[in-house]
1. Tell me the residue from A:94, A:58 that is under 15 Å from the mean Cα position of the chain (by Cα), of a type outside the set (Asp, Glu) and within 20 Å of residue B:87 (Cβ to Cβ), please.
2. It is to be established whether one or more residues within the stretch B:16-25 are within 13 Å of chain A (Cβ to nearest Cβ) and charged (D, E, K, R).
3. Return yes or no: is residue B:77 in contact with a helix residue (DSSP H, G or I) (Cβ under 8 Å, 6 or more places away or on another chain), on the phi > 0 side of the Ramachandran plot and not small (Gly, Ala, Ser)?
4. For the stretch B:51-85, how many residues meet the condition of being facing another protein chain (nearest Cβ under 8 Å), under 27 Å from residue B:115 (Cα atoms) and not hydrophobic (A, V, I, L, M, F, W, C)?
5. Please specify each residue of the stretch B:99-135 satisfying the condition of being surrounded by 18 or more Cβ atoms within 10 Å (Cβ to Cβ) and on the phi > 0 side of the Ramachandran plot.
6. How many of the residues in the stretch A:95-111 are out of contact with any Leu (no Cβ under 6 Å at 6 or more places or on another chain), away from every other protein chain (no Cβ under 11 Å) and in contact (Cβ under 8 Å) with a residue 24 or more places away in the chain?
7. Considering B:50, B:71, which residue is at pLDDT below 95 and either part of a loop (DSSP other than H, G, I, E, B) or surrounded by fewer than 21 Cβ atoms within 10 Å (Cβ to Cβ) (or both)?
8. Mind checking which residues of the stretch A:105-156 are modelled with pLDDT of 95 or more, of a type in the set (S, T, N, Q) and assigned to a loop (DSSP other than H, G, I, E, B)?
There are 2 protein chains.
Amino acid sequence: MDNELKMELKPIGLVNSPIREKPANGFNWREIVAEIVIRPELAEGLDGLADFSHIMVYWWMHQATDPAKMALKVYPRGRKELPPVGVFASRSPYRPNSIGRATVRLLERRDNILLVQGLDAIDGTPVLDIKPFIPGYDSPAEGASAPEWATRHQRQV
Amino acid sequence: MDNELKMELKPIGLVNSPIREKPANGFNWREIVAEIVIRPELAEGLDGLADFSHIMVYWWMHQATDPAKMALKVYPRGRKELPPVGVFASRSPYRPNSIGRATVRLLERRDNILLVQGLDAIDGTPVLDIKPFIPGYDSPAEGASAPEWATRHQRQV
């Protein structure tokens, strides 16, 4: 494995959200409307994005980078009555690389600002990338299955 | 914007694929079967993943990091007969942060190795994260729309 490879990220923008800290489990982000403020010098990179109904947002989970809190086994969605699963089978924010992502509805683009619905990243979160959501490529054409704990009371967008 | 924030990635594993270089446009990755070899010390983090039919794979596009090739406007899917779009409205590998992602079918997990179908990352690609695909959260419950160029001849998984 090439340990010399340098993989450094730089923020392309920030989340501007009414949610200022991670709420307790069970919070419904589905209705939350937030802004993604992109660096003005990158605004042109958003051209054409409004032709998509949904976008994928990638961010750095800057409040979940303490390596002491990273565990290989975690309780699914924090539910201690369930058997623990591997961190890669979970959406725990404490992971080897603190990349968060969500598929959100794009309500509007104004210059360097995207207005989105359903973004579960808190205010001030550094944004890493925006990609268009392409049905059939980003969602399995044949449908997908998941264990019951993952889909119950899910936060839909 | 907090420029002091350190966002450094470390590979959690590598792609082992029969595809050794990026093919010309139009290649169909849908049938390609590849392995994701996770660092043995992280193997326990994969427990429970096989309960999901599909996973999301994140990688570093290590052959697309030349900043001289990054443009804010790109031809969609390399098709020069179409008007250029912003890089964030495209899936161009040349982006401010070289994070690639795909939703792939999980065929099998063996210890620290995942056998997957539909992964469009070349052999030797450093893997950053694995997340389970959760229908309804990772795919919009109400359906999504995209421009024609994005979905034509799409590579489905």
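1. After ruling out the rest, the residue left standing is A:58.
2. Checked against the condition, which is being within 13 Å of chain A (Cβ to nearest Cβ) and charged (D, E, K, R), the stretch B:16-25 yields no hits at all.
3. yes
4. Number of matching residues: 5.
5. B:118
6. Counting residues in the stretch A:95-111 that are out of contact with any Leu (no Cβ under 6 Å at 6 or more places or on another chain), away from every other protein chain (no Cβ under 11 Å) and in contact (Cβ under 8 Å) with a residue 24 or more places away in the chain gives 1.
7. B:71
8. Answer for the stretch A:105-156, where residues must be modelled with pLDDT of 95 or more, of a type in the set (S, T, N, Q) and assigned to a loop (DSSP other than H, G, I, E, B): A:112, A:125.
The values are calculated or read from the model by the stated rules, or taken from the named source; none is laboratory data. Owing to the predicted nature of the structure, the values given are computational and were not obtained by experimental measurement. Note: ideal-geometry Cβ built from the backbone for every residue, glycine included; neighbour counts use all protein chains shown.
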